[in-house]
């Protein structure tokens, strides 16, 4: 008989500051009950290696949206355990770019394996249908939705993903890679240049009326369900297409510039002292149904927040997500947008397992932009030993 545990995932948003569409995801790492590794705590970080890397450059101009897939990014090689993966947007000389100029809507780090004999063709054509197999996380969402491991958005610069010893994300194990294939990573990103835009915050939330969309947009654009997008669709990912432009005020003119992602990875060489983790991406819009004892997940990734009629109470969105295996929560964080109050993960018995609370900037410098998410504080119970880890 299959035992099923249930996670409750909820978040609150301030109705006065949120826009029409919210995308709230929770990324958690957990140790499964059936792991056979022993926990040996280590002190110091001399065994940890790190590298600061840059993605290929991409070009943006005032109001322009860049939605890119950056294949085969630089990544540590060999059988390793990743301890952290942190990202920010920088300009051509490596300076951090303020969110009010260029907004990092989201970035995802996605693992895939590539047929070695197809590599020259893939590199030339960027064809993702031939010779590539995606190796998604262990979360419930399937299909093309939310396949990533690491990923955040505008809050990335101040939110760190450090995993406590002895836990790490195991990668590069040759025994787990198909013969004739090579393990690689890509970035999936959405960057929005808001210089000179009529409505900066509305542009960052992809409000359709603020975009210079093609006249036949609603006649040709397919939604997540494979059907034509409803004309009631007021904002979201489908209105933020690559090279679409947010409306500018008074025919604003400004220079184009080339940006890139600067990312820092910390890792250790894999050995018997490391304890491997599983990645689970949970979606607050997951409308779980069941077929007998089998849960059917219907992740939407985004939804429209109802009008508040000047009500100051926060709006709450909640999803109850069954898990076929229990485990220990090691680390969790949420992808947030402006207006979020907090995101909380509950266990089946109602215990709070983890809470992410945003901090908003108060200045003009990159990393402290007024009104933008500066970072988030993740507040799990401490994890000093297996006996004290939070169980699902």
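The values are calculated or read from the model by the stated rules, or taken from the named source; none is laboratory data. What you are looking at is a predicted structure, and each value in this text was computed from that prediction instead of being measured. Here the Cβ is made from the backbone with ideal geometry for all residues, glycine too, and neighbour counts use every protein chain on show.
What to note about this one:
- Number of residues in region 367-379 that are more than 18 Å from the chain's Cα centre (by Cα) and either on the phi > 0 side of the Ramachandran plot or buried (at least 20 other Cβ atoms within 10 Å of the Cβ) (or both) equals 3.
- Complete set of residues in region 78-90 that are under 14 Å from residue 111 (Cβ atoms) and either modelled with pLDDT under 95 or within 20 Å of the chain's Cα centre (by Cα) (or both): 82, 85
- Residue match in region 215-233 (condition: at pLDDT 95 or above and over 30 Å from residue 169 (Cβ atoms)): no
- Looking across region 91-135, the residues that are under 30 Å from residue 372 (Cβ atoms) and within 16 Å of the chain's Cα centre (by Cα) come down to 103, 104, 105, 106, 107, 108, 109, 110, 111.
- Each residue in region 172-196 was checked for being buried (at least 23 other Cβ atoms within 10 Å of the Cβ) and farther than 19 Å from residue 88 by Cα, and 0 pass.
- The set of residues in region 268-305 being free of Cβ contacts under 8 Å to residues at least 24 places away in the same chain and touching a strand residue (DSSP E or B) at 6+ places or on another chain (Cβ under 7 Å) consists of 289, 290, 296, 298.
- Scanning region 323-360 for residues that are assigned to a strand (DSSP E or B) and in contact with a helix residue (DSSP H, G or I) (Cβ under 9 Å, 6 or more places away or on another chain) yields a count of 2.
- Hits in region 181-206 - residues which are in contact with a helix residue (DSSP H, G or I) (Cβ under 7 Å, 6 or more places away or on another chain) and either over 18 Å from residue 131 (Cα atoms) or outside any strand (DSSP E or B) (or both): 192, 194, 196, 197, 198, 199, 202, 203, 206
- Just one of the numbered conditions (1) within 22 Å of residue 344 (Cβ to Cβ); (2) over 18 Å from the mean Cα position of the chain (by Cα); (3) in contact (Cβ under 8 Å) with a residue 12 or more places away in the chain; (4) assigned to a loop (DSSP other than H, G, I, E, B) is not true of residue 243: (1).
- Just one of the listed residues (288, 316, 340) is within 17 Å of the chain's Cα centre (by Cα) and modelled with pLDDT under 90, namely 340.
- All positions within region 116-136 that are closer than 30 Å to residue 299 by Cα and either in contact (Cβ under 8 Å) with a residue 24 or more places away in the chain or not in a loop (DSSP other than H, G, I, E, B) (or both): 122, 126, 128, 132, 133, 134, 135, 136
- Of the residues contained in region 137-154, one or more are found to be assigned to a strand (DSSP E or B), within 19 Å of residue 335 (Cβ to Cβ) and either at pLDDT 90 or above or out of contact with any helix residue (DSSP H, G or I) (no Cβ under 6 Å at 6 or more places or on another chain) (or both).
- So residue 89, is it closer than 15 Å to residue 262 by Cα and either out of contact with any strand residue (DSSP E or B) (no Cβ under 7 Å at 6 or more places or on another chain) or not in a strand (DSSP E or B) (or both): no
- Residue satisfying all of: in region 54-67; surrounded by fewer than 19 Cβ atoms within 10 Å (Cβ to Cβ) and within 19 Å of the chain's Cα centre (by Cα); nearest to residue 158 (Cα to Cα) among these: 54
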